[in-house]
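Here's the structure, in C-alpha coordinates; my notes come after.
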Amino acid sequence: MKSRPVRGRVVVITGGARGIGAATASLLAAEGARVAIGDLDADVAEKTSEELGVLGFAVDVTKATEFAAFLDRVEQELGPIDVLVNNAGIMPLHRIDDEPDEVTDLIVAVNQMAVIRGTRDIVRRWRSSGRSGHVINVSSAAGRVPIAGASTYVASKHAVSGFSNSLHIEFSAEQVPIDVTAVHPAMVRTELAAGFRANKLTAKPVSPEQVAAAILDAIRRPRPNVYVPTSLGTAVRVGGLIPRRVGEWLNRVLGGERAALDAIDSPERRGYEERIAGGE
(Lines give C-alpha, C1' and ligand atoms only; values in the text may rest on other atoms or scores of the structure.)
Protein backbone atom coordinates (compact mmCIF):
# COMPACT_ATOMS: atom_id res chain seq x y z
CA MET A 1 0.00 0.00 0.00
CA LYS A 2 1.28 3.45 -0.92
CA SER A 3 2.02 5.57 2.14
CA ARG A 4 -0.40 8.45 2.62
CA PRO A 5 0.88 11.92 3.44
CA VAL A 6 0.53 13.34 6.93
CA ARG A 7 1.65 16.91 6.31
CA GLY A 8 -1.24 19.35 6.05
CA ARG A 9 -3.90 16.91 7.24
CA VAL A 10 -6.25 18.04 10.01
CA VAL A 11 -6.15 15.63 12.95
CA VAL A 12 -8.32 15.79 16.07
CA ILE A 13 -7.26 13.94 19.23
CA THR A 14 -9.48 13.52 22.28
CA GLY A 15 -7.86 13.04 25.67
CA GLY A 16 -4.99 14.96 24.14
CA ALA A 17 -3.59 16.79 27.15
CA ARG A 18 -1.68 13.88 28.67
CA GLY A 19 -0.15 10.49 27.95
CA ILE A 20 -0.86 8.85 24.60
CA GLY A 21 -2.89 11.82 23.35
CA ALA A 22 -0.17 14.39 24.04
CA ALA A 23 2.55 12.14 22.62
CA THR A 24 0.50 11.62 19.45
CA ALA A 25 -0.20 15.33 19.09
CA SER A 26 3.51 16.09 19.45
CA LEU A 27 4.57 13.52 16.87
CA LEU A 28 1.91 14.43 14.31
CA ALA A 29 2.60 18.15 14.65
CA ALA A 30 6.29 17.46 14.07
CA GLU A 31 5.30 15.59 10.90
CA GLY A 32 3.43 18.64 9.62
CA ALA A 33 -0.14 17.69 10.51
CA ARG A 34 -2.52 20.42 11.68
CA VAL A 35 -3.50 19.15 15.11
CA ALA A 36 -6.25 19.98 17.59
CA ILE A 37 -6.54 18.36 21.00
CA GLY A 38 -9.53 18.20 23.30
CA ASP A 39 -9.50 17.31 26.97
CA LEU A 40 -11.75 17.55 30.00
CA ASP A 41 -8.98 19.29 31.95
CA ALA A 42 -9.02 22.77 30.43
CA ASP A 43 -5.88 24.01 32.17
CA VAL A 44 -3.74 21.05 31.13
CA ALA A 45 -5.16 21.16 27.59
CA GLU A 46 -4.16 24.81 27.30
CA LYS A 47 -0.68 24.15 28.68
CA THR A 48 -0.08 21.16 26.40
CA SER A 49 -1.38 22.96 23.31
CA GLU A 50 0.94 25.91 23.97
CA GLU A 51 3.94 23.64 24.49
CA LEU A 52 3.27 21.68 21.30
CA GLY A 53 2.06 24.54 19.12
CA VAL A 54 -1.32 22.94 18.42
CA LEU A 55 -4.90 23.99 19.05
CA GLY A 56 -6.34 22.99 22.42
CA PHE A 57 -9.91 23.04 23.68
CA ALA A 58 -11.77 21.91 26.77
CA VAL A 59 -14.35 19.24 25.96
CA ASP A 60 -16.38 16.69 27.85
CA VAL A 61 -16.60 13.83 25.36
CA THR A 62 -19.50 12.26 27.26
CA LYS A 63 -21.75 15.16 26.19
CA ALA A 64 -22.76 14.81 22.56
CA THR A 65 -23.55 18.49 22.01
CA GLU A 66 -20.23 19.53 23.56
CA PHE A 67 -18.32 17.03 21.42
CA ALA A 68 -20.09 18.36 18.31
CA ALA A 69 -19.30 21.95 19.27
CA PHE A 70 -15.65 20.95 19.73
CA LEU A 71 -15.52 19.51 16.20
CA ASP A 72 -17.24 22.66 14.90
CA ARG A 73 -14.54 24.85 16.46
CA VAL A 74 -11.77 22.74 14.97
CA GLU A 75 -13.31 23.02 11.51
CA GLN A 76 -13.70 26.78 11.91
CA GLU A 77 -10.03 27.14 12.89
CA LEU A 78 -8.32 24.50 10.73
CA GLY A 79 -10.80 23.44 8.04
CA PRO A 80 -12.36 20.03 7.33
CA ILE A 81 -11.19 17.23 9.61
CA ASP A 82 -9.28 14.37 8.00
CA VAL A 83 -8.57 12.13 11.00
CA LEU A 84 -10.35 11.68 14.33
CA VAL A 85 -8.39 9.91 17.06
CA ASN A 86 -10.79 8.78 19.80
CA ASN A 87 -8.22 8.47 22.57
CA ALA A 88 -9.99 9.71 25.71
CA GLY A 89 -10.30 6.89 28.22
CA ILE A 90 -10.32 6.10 31.92
CA MET A 91 -9.58 2.96 33.96
CA PRO A 92 -10.87 3.05 37.54
CA LEU A 93 -10.26 -0.33 39.17
CA HIS A 94 -12.83 -2.06 41.36
CA ARG A 95 -13.97 -5.52 42.26
CA ILE A 96 -17.35 -5.59 40.59
CA ASP A 97 -19.31 -5.80 43.86
CA ASP A 98 -17.49 -2.69 45.11
CA GLU A 99 -17.94 -0.64 41.94
CA PRO A 100 -20.42 2.26 42.38
CA ASP A 101 -23.06 2.76 39.70
CA GLU A 102 -21.70 6.20 38.88
CA VAL A 103 -18.24 4.75 38.18
CA THR A 104 -19.69 2.06 35.92
CA ASP A 105 -21.69 4.70 34.05
CA LEU A 106 -18.64 6.95 33.69
CA ILE A 107 -16.40 4.21 32.29
CA VAL A 108 -19.02 3.28 29.69
CA ALA A 109 -19.73 6.94 28.88
CA VAL A 110 -16.08 7.89 28.30
CA ASN A 111 -14.60 4.70 26.87
CA GLN A 112 -17.50 3.41 24.81
CA MET A 113 -20.35 5.83 24.16
CA ALA A 114 -18.10 8.80 23.41
CA VAL A 115 -16.30 6.70 20.79
CA ILE A 116 -19.59 5.66 19.18
CA ARG A 117 -21.09 9.15 19.18
CA GLY A 118 -17.88 10.86 18.10
CA THR A 119 -17.44 8.43 15.24
CA ARG A 120 -21.05 8.84 14.15
CA ASP A 121 -20.75 12.63 14.20
CA ILE A 122 -17.58 12.78 12.12
CA VAL A 123 -18.86 10.18 9.62
CA ARG A 124 -22.01 12.24 9.09
CA ARG A 125 -19.84 15.29 8.39
CA TRP A 126 -17.77 13.37 5.86
CA ARG A 127 -20.86 11.89 4.20
CA SER A 128 -22.58 15.27 3.84
CA SER A 129 -19.52 16.79 2.18
CA GLY A 130 -18.56 13.74 0.10
CA ARG A 131 -15.19 13.50 1.84
CA SER A 132 -13.19 10.49 2.90
CA GLY A 133 -11.67 10.24 6.37
CA HIS A 134 -10.04 8.05 8.97
CA VAL A 135 -11.28 7.19 12.47
CA ILE A 136 -8.69 5.79 14.87
CA ASN A 137 -10.10 4.34 18.08
CA VAL A 138 -7.64 3.67 20.89
CA SER A 139 -8.74 0.39 22.45
CA SER A 140 -6.38 -1.74 24.54
CA ALA A 141 -4.94 -5.22 24.86
CA ALA A 142 -7.83 -5.44 27.34
CA GLY A 143 -10.09 -5.26 24.30
CA ARG A 144 -8.90 -8.76 23.48
CA VAL A 145 -8.11 -10.39 26.85
CA PRO A 146 -9.80 -10.45 30.30
CA ILE A 147 -8.46 -8.64 33.36
CA ALA A 148 -9.85 -9.42 36.82
CA GLY A 149 -10.44 -6.24 38.80
CA ALA A 150 -11.07 -4.16 35.67
CA SER A 151 -14.15 -5.90 34.29
CA THR A 152 -16.09 -2.81 33.25
CA TYR A 153 -13.01 -1.26 31.66
CA VAL A 154 -12.40 -4.51 29.76
CA ALA A 155 -16.03 -4.57 28.63
CA SER A 156 -15.74 -1.02 27.32
CA LYS A 157 -12.56 -1.81 25.38
CA HIS A 158 -14.05 -5.03 23.95
CA ALA A 159 -16.89 -2.79 22.74
CA VAL A 160 -14.48 -0.36 21.07
CA SER A 161 -12.68 -3.21 19.32
CA GLY A 162 -15.91 -4.80 18.10
CA PHE A 163 -17.38 -1.46 17.05
CA SER A 164 -14.28 -0.52 15.07
CA ASN A 165 -13.95 -3.84 13.28
CA SER A 166 -17.65 -3.88 12.42
CA LEU A 167 -17.37 -0.41 10.90
CA HIS A 168 -14.37 -1.50 8.86
CA ILE A 169 -16.61 -4.09 7.20
CA GLU A 170 -19.50 -1.63 6.90
CA PHE A 171 -17.37 0.95 5.08
CA SER A 172 -15.23 -1.42 3.00
CA ALA A 173 -17.49 -1.36 -0.05
CA GLU A 174 -18.10 2.40 -0.06
CA GLN A 175 -17.13 4.47 -3.10
CA VAL A 176 -15.79 7.24 -0.88
CA PRO A 177 -13.64 5.32 1.60
CA ILE A 178 -13.76 5.83 5.33
CA ASP A 179 -11.01 3.99 7.17
CA VAL A 180 -11.37 2.70 10.71
CA THR A 181 -8.50 1.48 12.85
CA ALA A 182 -8.56 0.01 16.36
CA VAL A 183 -5.28 0.46 18.24
CA HIS A 184 -4.52 -2.13 20.92
CA PRO A 185 -1.61 -1.15 23.18
CA ALA A 186 -0.21 -3.34 25.92
CA MET A 187 0.11 -1.68 29.33
CA VAL A 188 1.29 1.88 28.71
CA ARG A 189 3.59 3.75 31.07
CA THR A 190 1.10 6.47 32.01
CA GLU A 191 -0.83 7.43 35.13
CA LEU A 192 -3.59 5.05 34.08
CA ALA A 193 -1.28 2.07 34.75
CA ALA A 194 -0.16 3.24 38.19
CA GLY A 195 0.13 0.43 40.72
CA PHE A 196 0.41 -2.42 38.22
CA ARG A 197 3.31 -4.78 38.82
CA ALA A 198 5.23 -6.51 36.06
CA ASN A 199 4.52 -10.23 35.73
CA LYS A 200 5.57 -13.06 33.44
CA LEU A 201 2.31 -13.03 31.48
CA THR A 202 1.90 -9.43 30.40
CA ALA A 203 3.88 -7.83 27.61
CA LYS A 204 6.57 -5.37 28.61
CA PRO A 205 4.97 -1.95 29.20
CA VAL A 206 5.21 0.41 26.26
CA SER A 207 5.69 4.17 26.20
CA PRO A 208 3.14 6.74 25.01
CA GLU A 209 5.62 7.58 22.25
CA GLN A 210 5.51 3.99 20.97
CA VAL A 211 1.73 4.15 20.75
CA ALA A 212 1.95 7.54 19.03
CA ALA A 213 4.35 6.08 16.46
CA ALA A 214 1.87 3.24 15.80
CA ILE A 215 -0.95 5.76 15.29
CA LEU A 216 1.22 7.75 12.87
CA ASP A 217 1.97 4.58 10.92
CA ALA A 218 -1.74 3.70 10.84
CA ILE A 219 -2.53 7.13 9.38
CA ARG A 220 0.05 6.53 6.68
CA ARG A 221 -1.02 2.92 6.04
CA PRO A 222 -4.62 2.40 7.26
CA ARG A 223 -5.55 -1.07 8.48
CA PRO A 224 -8.25 -2.46 10.79
CA ASN A 225 -6.10 -3.42 13.79
CA VAL A 226 -2.79 -2.22 15.18
CA TYR A 227 -1.03 -3.80 18.16
CA VAL A 228 1.64 -2.15 20.30
CA PRO A 229 4.06 -3.87 20.40
CA THR A 230 3.38 -5.75 17.17
CA SER A 231 4.18 -9.04 18.93
CA LEU A 232 1.05 -8.53 21.01
CA GLY A 233 -1.09 -9.30 17.97
CA THR A 234 0.54 -12.70 17.58
CA ALA A 235 0.12 -13.43 21.29
CA VAL A 236 -3.57 -12.53 21.16
CA ARG A 237 -4.23 -14.69 18.10
CA VAL A 238 -2.34 -17.67 19.54
CA GLY A 239 -4.03 -17.18 22.91
CA GLY A 240 -7.39 -17.50 21.20
CA LEU A 241 -6.49 -21.03 20.15
CA ILE A 242 -5.65 -22.20 23.68
CA PRO A 243 -8.47 -24.01 25.54
CA ARG A 244 -10.08 -21.73 28.12
CA ARG A 245 -9.09 -23.78 31.17
CA VAL A 246 -5.48 -23.95 30.04
CA GLY A 247 -5.45 -20.21 29.46
CA GLU A 248 -6.86 -19.51 32.92
CA TRP A 249 -4.29 -21.84 34.49
CA LEU A 250 -1.44 -20.05 32.69
CA ASN A 251 -2.87 -16.70 33.74
CA ARG A 252 -2.88 -17.80 37.37
CA VAL A 253 0.55 -19.46 37.35
CA LEU A 254 2.30 -16.58 35.57
CA GLY A 255 0.83 -13.89 37.78
CA GLY A 256 -1.59 -12.22 35.40
CA GLU A 257 -4.68 -13.14 37.37
CA ARG A 258 -4.07 -10.62 40.17
CA ALA A 259 -2.36 -7.81 38.25
CA ALA A 260 -5.29 -5.38 38.50
CA LEU A 261 -6.65 -6.77 41.76
CA ASP A 262 -3.36 -6.03 43.53
CA ALA A 263 -3.23 -2.55 42.00
CA ILE A 264 -6.66 -1.54 43.30
CA ASP A 265 -5.54 -0.54 46.79
CA SER A 266 -1.93 0.35 45.99
CA PRO A 267 -0.61 3.72 47.21
CA GLU A 268 0.77 4.46 43.72
CA ARG A 269 -2.72 4.38 42.26
CA ARG A 270 -4.43 6.67 44.75
CA GLY A 271 -3.74 9.92 42.89
CA TYR A 272 -5.19 8.67 39.62
CA GLU A 273 -8.31 7.22 41.25
CA GLU A 274 -8.91 10.44 43.17
CA ARG A 275 -8.52 12.54 40.03
CA ILE A 276 -11.04 10.42 38.11
CA ALA A 277 -13.46 10.45 41.04
CA GLY A 278 -13.14 14.22 41.09
CA GLY A 279 -14.36 14.47 37.50
CA GLU A 280 -11.05 15.20 35.74
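The values are calculated or read from the model by the stated rules, or taken from the named source; none is laboratory data. What you are looking at is a predicted structure, and each value in this text was computed from that prediction instead of being measured. Methodologically, a virtual Cβ is constructed for each residue, glycine included, from the backbone with ideal geometry; neighbour enumeration extends over all protein chains shown.
Conditions tested, residue by residue: (1) surrounded by fewer than 19 Cβ atoms within 10 Å (Cβ to Cβ); (2) free of Cβ contacts under 8 Å to residues at least 24 places away in the same chain; (3) under 25 Å from Arg189 (Cα atoms); (4) in contact with an Asp or Glu (Cβ under 7 Å, 6 or more places away or on another chain).
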position: Asp41; (1), (2), (3), (4): yes, no, yes, yes
position: Val44; (1), (2), (3), (4): yes, no, yes, no
position: Phe57; (1), (2), (3), (4): no, yes, yes, no
position: Val74; (1), (2), (3), (4): no, no, no, no
position: Asp82; (1), (2), (3), (4): no, no, no, no
position: Asn87; (1), (2), (3), (4): no, no, yes, no
position: Arg95; (1), (2), (3), (4): yes, no, yes, no
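Looking only at the stretch 19-36, decide whether some residue is surrounded by fewer than 24 Cβ atoms within 10 Å (Cβ to Cβ), touching a Ser or Thr at 6+ places or on another chain (Cβ under 7 Å) and in contact (Cβ under 8 Å) with a residue 60 or more places away in the chain.
Looking through the stretch 19-36, at least one residue is surrounded by fewer than 24 Cβ atoms within 10 Å (Cβ to Cβ), touching a Ser or Thr at 6+ places or on another chain (Cβ under 7 Å) and in contact (Cβ under 8 Å) with a residue 60 or more places away in the chain.
Can you confirm whether the stretch 122-144 contains a residue that is surrounded by fewer than 18 Cβ atoms within 10 Å (Cβ to Cβ) and closer than 25 Å to Leu232 by Cα?
No, because not a single residue in the stretch 122-144 is surrounded by fewer than 18 Cβ atoms within 10 Å (Cβ to Cβ) and closer than 25 Å to Leu232 by Cα.
Could you identify the single residue in Asn111, Asn137 that is in a strand (DSSP E or B) and of a type in the set (S, T, N, Q)?
Asn137
Please verify whether the stretch 2-21 includes one or more residues that are modelled with pLDDT of 95 or more, farther than 25 Å from Pro222 by Cβ and touching a strand residue (DSSP E or B) at 6+ places or on another chain (Cβ under 7 Å).
Yes, the stretch 2-21 contains a residue that is modelled with pLDDT of 95 or more, farther than 25 Å from Pro222 by Cβ and touching a strand residue (DSSP E or B) at 6+ places or on another chain (Cβ under 7 Å).
Arg220: among the charged types (D, E, K, R) and either closer than 25 Å to Asp39 by Cα or at pLDDT 65 or above (or both), yes or no?
Yes, satisfied.
Residues to consider are Ala173, Ala182; find the one that is of a type in the set (Gly, Ala, Ser), over 21 Å from the mean Cα position of the chain (by Cα) and either more than 21 Å from Arg144 (Cβ to Cβ) or modelled with pLDDT of 90 or more (or both).
On inspection, the qualifying residue turns out to be Ala173.
Could you say which residue among Leu261, Leu232, Leu250 is of a type in the set (A, V, I, L, M), in contact with a His (Cβ under 7 Å, 6 or more places away or on another chain), modelled with pLDDT under 80 and not in a loop (DSSP other than H, G, I, E, B)?
The match here is Leu232.
Which residues, counting only those in the stretch 185-194, are in a loop (DSSP other than H, G, I, E, B) and either at pLDDT 85 or above or in contact with an Asp or Glu (Cβ under 8 Å, 6 or more places away or on another chain) (or both)?
Ala186, Ala194
Would you be able to tell me the number of residues in the stretch 88-122 that are within 30 Å of Gln175 (Cβ to Cβ) and either touching a strand residue (DSSP E or B) at 6+ places or on another chain (Cβ under 6 Å) or of a type in the set (Lys, Arg) (or both)?
The number of residues fulfilling the criteria is 6.
Is the stretch 93-106 home to any residue that is of a type in the set (A, V, I, L, M) and closer than 25 Å to Pro222 by Cα?
Within the stretch 93-106, the first condition is being of a type in the set (A, V, I, L, M), and the residues that meet it are 93, 96, 103, 106.
If we keep only those that are closer than 25 Å to Pro222 by Cα too, we end up with none.
No, the stretch 93-106 has no match at all.
Residue-wise test of (1) over 20 Å from the mean Cα position of the chain (by Cα); (2) within 28 Å of Glu209 (Cβ to Cβ); (3) not β-branched (Val, Ile, Thr).
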{"position": "Asp43", "(1), (2), (3)": "yes, yes, yes"}
{"position": "Gly53", "(1), (2), (3)": "yes, yes, yes"}
{"position": "Phe67", "(1), (2), (3)": "no, yes, yes"}
{"position": "Glu75", "(1), (2), (3)": "yes, no, yes"}
{"position": "Val83", "(1), (2), (3)": "no, yes, no"}
{"position": "Ala88", "(1), (2), (3)": "no, yes, yes"}
{"position": "Trp126", "(1), (2), (3)": "yes, no, yes"}
{"position": "Asn137", "(1), (2), (3)": "no, yes, yes"}
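Restricting the search to the stretch 126-153, which residues are polar (S, T, N, Q), touching a residue at least 40 places away in the same chain (Cβ under 8 Å) and over 19 Å from Val115 (Cα atoms)?
Quick first cut of the stretch 126-153, residues polar (S, T, N, Q) only: 128-129, 132, 137, 139-140, 151-152.
From the residues that got through so far, the ones that are touching a residue at least 40 places away in the same chain (Cβ under 8 Å) too are 129, 132, 137, 139-140, 151-152.
Across the stretch 126-153, the qualifying residue is only Ser129.
Answer yes or no: is there a residue in the stretch 157-165 that is at pLDDT below 95, crowded, with 20+ Cβ neighbours inside 10 Å, touching a helix residue (DSSP H, G or I) at 6+ places or on another chain (Cβ under 7 Å) and of a type in the set (A, V, I, L, M, F, W, C).
No, the stretch 157-165 has no match at all.
Can you report the number of residues in the stretch 141-191 which are closer than 25 Å to Tyr272 by Cα and among the acidic types (Asp, Glu)?
Counting residues in the stretch 141-191 that are closer than 25 Å to Tyr272 by Cα and among the acidic types (Asp, Glu) gives 1.
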